[in-house]
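Notes follow once the structure below has been shown.
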Amino acid sequence: MAEEPRLTVDVVALPLGDYQTNCYLVAAPGASEAVVVDPGDRPDAVLGALGERGWSVAAILVTHGHFDHLGAIAGVAEETGAEVWMPRGEADKLRTLDAGPYEPQHLVEGGETLRLAGLEFRVLSVPGHSPDHVAYATDGIVFIGDLLFAGSVGRTDLEGSDEGTLLASIAAVMEALPGETIVAPGHGPATTLEHELRTNPFLEALR
């Protein structure tokens, strides 16, 4: 990645489970509580990382309804009492999850602003990898789920996915956010929007 912009939030990435799905802990500097994004597996690891930093959980944010992003939600929510925000159209995936079904308290569609743990999260509708996928942007970083990766993009061979829709969503994110915005993807390392637009072979049509 090119020069990394200075973040004004504290972010911890935890690759979890067989798919090494990134769970993120996000907190304002000096805060006592954090937001958890996509706790996909091992609630013990998520809770342990929070405890090491002295953070309680203000909320759990979910980008989409694929199982590898959902597996630890019930465990973390039940242990901490934190409420869950999730795309409306994919909430049934969590309600019926074999690994731990859970009823999300808040359903989002894109366009909302969430004020949680002293931070503002802008909810962006980014379908393509899944039908009702969302991303959460705050203070120079976007938690983008499986829409965009460093050097790649989300799969579009899954039920409800579509390549054209995915590319349109990536283009919309790049229009909505500054190029230096850090991309925190669902798998793999962080990158920036401008770096991906310049170098990602899957985004040639957007250049």
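Structure notes:
- Taking the criterion of being in contact with an Asp or Glu (Cβ under 8 Å, 6 or more places away or on another chain) and part of a loop (DSSP other than H, G, I, E, B), the residues of segment 50-65 that qualify are Trp55, Val62, Thr63, His64, Gly65.
- Which numbered condition Leu14 fails, given (1) in contact (Cβ under 8 Å) with a residue 40 or more places away in the chain; (2) among the aliphatic types (A, V, I, L, M); (3) under 24 Å from Val183 (Cα atoms): (1)
- If only residues of segment 79-116 that are small (Gly, Ala, Ser) and surrounded by fewer than 14 Cβ atoms within 10 Å (Cβ to Cβ) are counted, the one that is nearest to Ser169 (Cα to Cα) is Gly111.
- Within segment 52-78, residues that are over 23 Å from Gly110 (Cα atoms) sit with their Cβ atoms under 6 Å from residues that are of a type in the set (A, V, I, L, M, F, W, C) and modelled with pLDDT of 95 or more, at 6+ positions apart or across chains, in these pairs: Trp55/Ala27; Trp55/Ala34; Ala72/Val46; Val76/Val46.
- Pairs where the first residue, in segment 162-181, is touching a residue at least 24 places away in the same chain (Cβ under 8 Å) and the second is in a helix (DSSP H, G or I) and of a type in the set (Gly, Ala, Ser), C-beta under 9 Å, 6+ apart: Leu167/Ala205; Ala171/Ala205
- Of all the criteria given as (1) surrounded by 18 or more Cβ atoms within 10 Å (Cβ to Cβ); (2) over 19 Å from Asp132 (Cα atoms), the one not satisfied by Gly54 is (1).
- When segment 107-123 is filtered for residues that are assigned to a strand (DSSP E or B) and more than 27 Å from Gly30 (Cα to Cα), the ones remaining, listed by number, are Leu107, Val108.
- Annotation note: of Glu3, Glu33, the sole residue that is charged (D, E, K, R) and at pLDDT below 95 is Glu3.
The values are calculated or read from the model by the stated rules, or taken from the named source; none is laboratory data. Everything numeric here is computed off the predicted structure, so don't read it as measured data. In this analysis, Cβ positions are derived from the backbone assuming ideal geometry, glycine residues included, and neighbour counts consider all displayed protein chains.
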